[in-house]
1. Taking the options 143, 102, 156, 163, name whichever one is modelled with pLDDT of 95 or more and more than 15 Å from ligand 1 (Cβ to nearest atom).
2. Checking the conditions here, which among 36, 96 is at pLDDT below 90 and touching a helix residue (DSSP H, G or I) at 6+ places or on another chain (Cβ under 7 Å)?
3. Just name the residue that is surrounded by the most Cβ atoms within 10 Å (Cβ to Cβ) out of those in segment 120-138 that are away from ligand 2 (no atom under 12 Å from the Cβ) and over 23 Å from residue 33 (Cα atoms).
4. Looking at segment 139-239, what helices (runs of 4 or more DSSP H) fall wholly within it and have at least 2 residues that are under 29 Å from residue 14 (Cβ atoms) and without any contact (Cβ under 8 Å) to a residue 60 or more places away in the chain?
5. Of these, 179, 151, which one is within 16 Å of ligand 1 (Cβ to nearest atom) and either surrounded by fewer than 18 Cβ atoms within 10 Å (Cβ to Cβ) or within 19 Å of residue 90 (Cβ to Cβ) (or both)?
6. Need the failing condition index for residue 129 against (1) within 17 Å of the chain's Cα centre (by Cα); (2) more than 16 Å from ligand 1 (Cβ to nearest atom), just the number.
7. Mind checking whether some residue in segment 51-67 is over 16 Å from residue 179 (Cα atoms), within 16 Å of ligand 1 (Cβ to nearest atom) and surrounded by fewer than 16 Cβ atoms within 10 Å (Cβ to Cβ)?
8. Could you tell me whether residue 10 is loosely packed, with under 15 Cβ neighbours inside 10 Å and touching a strand residue (DSSP E or B) at 6+ places or on another chain (Cβ under 9 Å)?
Ligand SMILES: [Zn+2]
Ligand SMILES: [Zn+2]
């Protein structure tokens, strides 16, 4: 079936290898899928147990046991689907022109710039702008105008810090600790989410659903660079938070002002963000405009039970809360002073 059986390379994915195998033997993607699929298992199955069968099938067909070590993004769909771009195909044309192979890192949704060539990955033919497809990777050319992928034009770009984070955690990774590496990357992406929301211009939807919003890769690099810069600079984060809190003048309560951020306040990946928010409120307590701060919200941000907050404030002056479950921001400094005294 396969007269030519190239050696698998540790930098390519299982898919990349099978596309190369198809190309070497003159098959189309549909033919290849039907060879590799068995009676019980489809080549495109996302079930982890099916992926093991597919690998075994490819080992038998090629005689290369190292197929087992190839990274298979489809195997991680169940646990880590947020990490991958299963619909968009992205490539570095310089990598393709030097090795004629694809890199497994290109499957990662947030890996956007080739770390070897400092070139932005391309997802469309640079001549006719047709989106790249898996069949284009088999043929290594545009399926519409036949321009070779190796000859497609790209832009020079410094890799953003999230792209490098992904690369660093998967460099020379072996099959044993891949789960651990994927979890770390996912944690970092989850931790970054509130910072993306802090970037002016409503960038979150674009970043989170690039396929729906047709965001260019350049745009996504820009968003990731800004989010990582905020994440690394906590003073900068606090300034942005204060801007956000002071901006929505027509919103009467903090939970309305910070509506987009509420899901991050109880997530373990967002501890740093929560601490910075608590600090921002505390250090700016005297300057804040008048709005309501729900005790439930303070409980989440400061990590102090509502009943404790209530008894602390009531012990100073029962008219501060006046029996209500919310505090006026003008009185937040009283609570802040109490917390500072305790710590
Ligand atoms: Zn490259
Ligand atoms: Zn084209």
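1. Result: 143 is the single residue among 143, 102, 156, 163 that is modelled with pLDDT of 95 or more and more than 15 Å from ligand 1 (Cβ to nearest atom).
2. Details: 96 fails: at pLDDT below 90.
From the options 36, 96, the qualifying one is 36.
3. Among them, the one singled out is 121.
4. Once the helices (runs of 4 or more DSSP H) in segment 139-239 are filtered for at least 2 residues that are under 29 Å from residue 14 (Cβ atoms) and without any contact (Cβ under 8 Å) to a residue 60 or more places away in the chain, what remains is 161-170, 178-198, 204-208.
5. Details: 179 fails: within 16 Å of ligand 1 (Cβ to nearest atom).
Answer to the check: 151.
6. The single condition residue 129 does not satisfy is (1).
7. No: segment 51-67 contains no residue that is over 16 Å from residue 179 (Cα atoms), within 16 Å of ligand 1 (Cβ to nearest atom) and surrounded by fewer than 16 Cβ atoms within 10 Å (Cβ to Cβ).
8. Yes; evaluated as a whole, the condition is true for this residue.
The values are calculated or read from the model by the stated rules, or taken from the named source; none is laboratory data. Here the structure is a predicted model, which means the values were calculated and not measured. Using ideal geometry, Cβ is built from the backbone for each residue, glycine included, and neighbour counts are taken over all protein chains shown.
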